Every structure is written in C-alpha cells, then in structure tokens.
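The values are calculated or read from the model by the stated rules, or taken from the named source; none is laboratory data. Computed from a predicted model, the values in this text were never measured in an experiment. Note that each Cβ is placed from the backbone with ideal geometry, even for glycine, and that neighbours are counted across all protein chains shown.
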Amino acid sequence: MMMPAPRKADPFYDFDEICERLGNGETLIAMAKERGVSTVSLWQFMNRPEHKEQYKEALAARGMLHALQTEQYVQDMLEKRIDPKTADVAIKSSQWMASKLTPELFGDRRATEITVNDEQSKHLAALKEKAQKRIEEQKKLEGEKKEEEVPNTNARRRKK
C-alpha cells in the first residue's frame, strides 16, 4: 500500500497557533504528524523570513519551559513521585534543551584561551622592540626641540 505524499504546511496551520504550541512544549514533529504534513515542510514554513523572529521567540519560550521543568523534576523526586535515576535523566535532558533553545540564559559559558607559539612570540618581541625604539627617538626629538626653545643666558652675557 502506497502512502500519500505529505501535504504542504501552509494551508493547514495558523502561524500564531504553532508558535503558541511550541512555546508550551509541543514539537514540530508532533504537530506535523497531527496534520499529515512533513516535518521538513513545517520547519521551512516556520523559517520563512516573515516568521523567523516570532519563531525564535517561541523556541526561547520553550527553552524557558524546559528550564522551569527541571525544578519540577527535582520536586517530584524529593516527594518520591519519580525515582532519582529517572529524575536525573529528565533534569539533564531539560537542561540540555534549555541550553540549546536559550543559550544566552542557559548555555555554557566558555572561557577563551589564547595561546601564542614560538614564532608569534618572536614576532611580538620584534614589534615591541621597534615600538620602544620609536618612543626613544620621539623623546630624543622632543628633548632637542626644548633645548632650541630655551634661550641661552650665557650667550647674551658674552655679547655685552
């Protein structure tokens, strides 16, 4: 038996409804199945330029929902409604989802480390030396300029 080709997403969804449902934790996969459209088609519909900003906001809301669910899983475990291993898996998956959907709030903070190899060290040392020579030359020029500006009082006395 041949399956019918998936329908296009456009006529079967209200964009605001999709965003609201995403923000409440539903997945594009579930919504696409429900309507008999391909997940890729629905994803492309959501990523159109005119939808992109609101779609990002819906995903951020979903990320916040995952972050809030971690608290609920802890509470459920403490009240013995779920066992610790189940809670651990649920918490870790919710934390991961929150970090991916709202990285600015829950993403990993990575320290940037800069390493300098031997060639770069030599280059930096040469630049530093060149800059130091320029500074010394500038100071020397400024010193000579000041000497020219200061009148020599001994020269005046000799002429008189």
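Scanning the range 71-105 for residues that are in contact with a Ser or Thr (Cβ under 6 Å, 6 or more places away or on another chain) and either touching a residue at least 40 places away in the same chain (Cβ under 8 Å) or among the small types (Gly, Ala, Ser) (or both) turns up just one, Ser94.
Looking across the range 49-65 at every residue that is outside any helix (DSSP H, G or I) and within 22 Å of the chain's Cα centre (by Cα), the one that is modelled with the lowest pLDDT is identified as His51.
Taking the conditions exactly as written (out of contact with any helix residue (DSSP H, G or I) (no Cβ under 9 Å at 6 or more places or on another chain) and at pLDDT 90 or above), does Glu26 satisfy them or not? In short, no.
Among Val40, Val74, Val89, which is the only one that is modelled with pLDDT of 90 or more and either closer than 23 Å to Phe15 by Cα or small (Gly, Ala, Ser) (or both)? Of the residues listed, the single one that is modelled with pLDDT of 90 or more and either closer than 23 Å to Phe15 by Cα or small (Gly, Ala, Ser) (or both) is Val40.
When you look at Leu68, is it under 19 Å from Ala98 (Cβ atoms) and either assigned to a helix (DSSP H, G or I) or in contact with a Ser or Thr (Cβ under 9 Å, 6 or more places away or on another chain) (or both), yes or no? Reasoning before the result, please.
Working: under 19 Å from Ala98 (Cβ atoms): yes; either assigned to a helix (DSSP H, G or I) or in contact with a Ser or Thr (Cβ under 9 Å, 6 or more places away or on another chain) (or both): yes.
For Leu68, the condition - under 19 Å from Ala98 (Cβ atoms) and either assigned to a helix (DSSP H, G or I) or in contact with a Ser or Thr (Cβ under 9 Å, 6 or more places away or on another chain) (or both) - is met.
When Asn154 is tested against the conditions (1) under 31 Å from the mean Cα position of the chain (by Cα); (2) part of a helix (DSSP H, G or I); (3) at pLDDT below 90, the lone failure is (1).
Check whether at least one residue in the range 106-113 is part of a helix (DSSP H, G or I), in contact (Cβ under 8 Å) with a residue 40 or more places away in the chain and surrounded by 11 or more Cβ atoms within 10 Å (Cβ to Cβ), and report yes or no.
yes
Say we look at the range 36-88 and pick out the residues that are closer than 26 Å to Glu104 by Cβ and among the β-branched types (Val, Ile, Thr); which of these is surrounded by the fewest Cβ atoms within 10 Å (Cβ to Cβ)? Filtering first and then ranking leaves Val74.
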